[in-house]
1. If you take the alpha carbon radius of gyration of the stretch 186-228 and divide it by 2.2 N^0.38 Å, what ratio comes out, to two decimals?
2. In Å², and per residue, what accessible area does the stretch 170-278 have when probed at 1.4 Å with the other protein chains present?
3. Carbon and sulfur together cover what percent of the accessible area of the stretch 136-288 at a 1.4 Å probe radius?
4. Could you state the principal axis extents of the C-alpha atoms in the stretch 92-238, from the largest down, to the nearest angstrom?
5. Which peptide among 242-254, 142-154, 119-131, 181-193 comes first, and what is the full order, when sorted by highest mean count of other Cβ atoms within 10 Å?
6. Stokes-Einstein at 4 °C, 1.567 mPa s, Kirkwood radius from Cα pairs: D for the stretch 172-288 in µm² s⁻¹?
Amino acid sequence: MASSPGARIAELVREVTGAIVDDRDRTLEDLGVDSLAMIEVFVAADREGIDLRALGVGPGSSLDDVVRAVDEVRPAVRALPAGGPLQGFARAVGGPVLRWWFDLVVTGAEHVPASGPVVLAMNHEGSLDIPISVVACPRPITFMAKRELYKNASVAWALDRLGGFRVDRDRYDLAAADVALAVLRRGGVLGMYPEGTRAPGRLLPFLAGAAWIALAMGAPLVPCILDGTERAREARWPRRVPIRVTFRAPIVAERVDDVRERRTRAQRVTADLRRVIADGLSRTDAPA
């Protein structure tokens, strides 16, 4: 007799975490299921036609709760963002202004592959990081933006039309993972900030999400160094604040299908990525 979808999900949790899942009352957090592990489960479930986004599970959910929900819920239809319909206009109109006002210099743009899926990983210095990266990158970017930015209706409208999609850093955000993978499947450029939040003047430890996504899809991981955007508030006069954007050679991320090996390798690739960006900034304020 074939196992139910929920039972298969329980097996996936065991495969990802290496845990012996015999107590369905234990929470996912107790079982060692962090955000990256849950995304692994999501991807594997998606291959079976099960959409875990509809579950709304969190670290405090028990495995039994998840199994029941999987067996009861119908797969949901996924929607992608508009793909930045105003990004081209913003680049054409706002690009020259930003380049002039901030004395913007871009180097290494040839390191961004001209076609195919790319994960663009950037340090996060200030509020100008998104528009500056949109102007500097030779290809359109679809980028993750933290949920908090969407509290303002005007900012949310602008982010959506510039190619942004929200990510909730406080839970298993399977919807954001779904969009990120879909961007790469259609051959696009996915912009991510591995620090997870802005850290003006210092470099925080990197989260492994960008490396994991690159390894899951076999997409090159391009480091992008943003330098000077943290001083944007000082730019009361044109060309007083120089901003430098440097693209470095892609870090090769061949596709890894084994879920446990992918997580292990993602940590190594993340360390390599942070070293490249730290070298470009000459900053090592926080441990890798």
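1. 1.27
2. Working: 4720 Å² over 109 residues.
That works out to 43 Å² for each residue.
3. 49 percent
4. Computed over the Cα atoms, the extents are 44, 35, 30 Å.
5. Descending mean neighbour count gives 119-131, 181-193, 242-254, 142-154.
6. 84 µm²/s
The values are calculated or read from the model by the stated rules, or taken from the named source; none is laboratory data. It should be emphasised that the depicted structure is a prediction, and the values quoted were computed from it without experimental measurement. With ideal geometry, Cβ positions are generated from the backbone for all residues, glycine too; neighbour counts draw on all protein chains shown. Areas reflect the complete protein model, heavy atoms only, side chains present, ligands, DNA and RNA absent. Shrake-Rupley method; radii C 1.70, N 1.55, O 1.52, S 1.80 Å.
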